[in-house]
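A quick write-up on the structure given underneath.
Nothing in this text is a laboratory measurement; each read-out follows from the coordinates by a stated rule. Please read all numbers here as calculations on a predicted model, not as lab measurements. With ideal geometry, Cβ positions are generated from the backbone for all residues, glycine too; neighbour counts draw on all protein chains shown.
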Amino acid sequence: MSQTNSNADKIAKVFTDHCDSKNYQVKQDKELNNLRIDISNLHEKTIVNIYNTG
């Protein structure tokens, strides 16, 4: 299970690094079966869910 968590963390890092470079706001929450990332700027908001499939 630690491999699955490390993969989710690596995937989340790609999103958060890109968002930081674009000055987007990022909020990251761990839920039961997934990792949720809320990304927003002044006009739009999107949610990225990274599911654990392992």
Q) Which trypsin sites (Lys or Arg not before Pro) from the range 9-54 combine a DSSP loop assignment with at most 15 other Cβ atoms within 10 Å? A) K22
Q: As a check on your grasp of the helix formula, calculate [θ] at 222 nm for the chain: sum -39500 (n - 2.57) over DSSP H runs of n ≥ 4, divide by the residue count, round to the nearest 500.
A: -12500 deg cm²/dmol
Q. If you wrap the range 2-51's Cα atoms in a convex hull and average its projection over all directions, what's the area in nm²?
A. 3.2 nm²
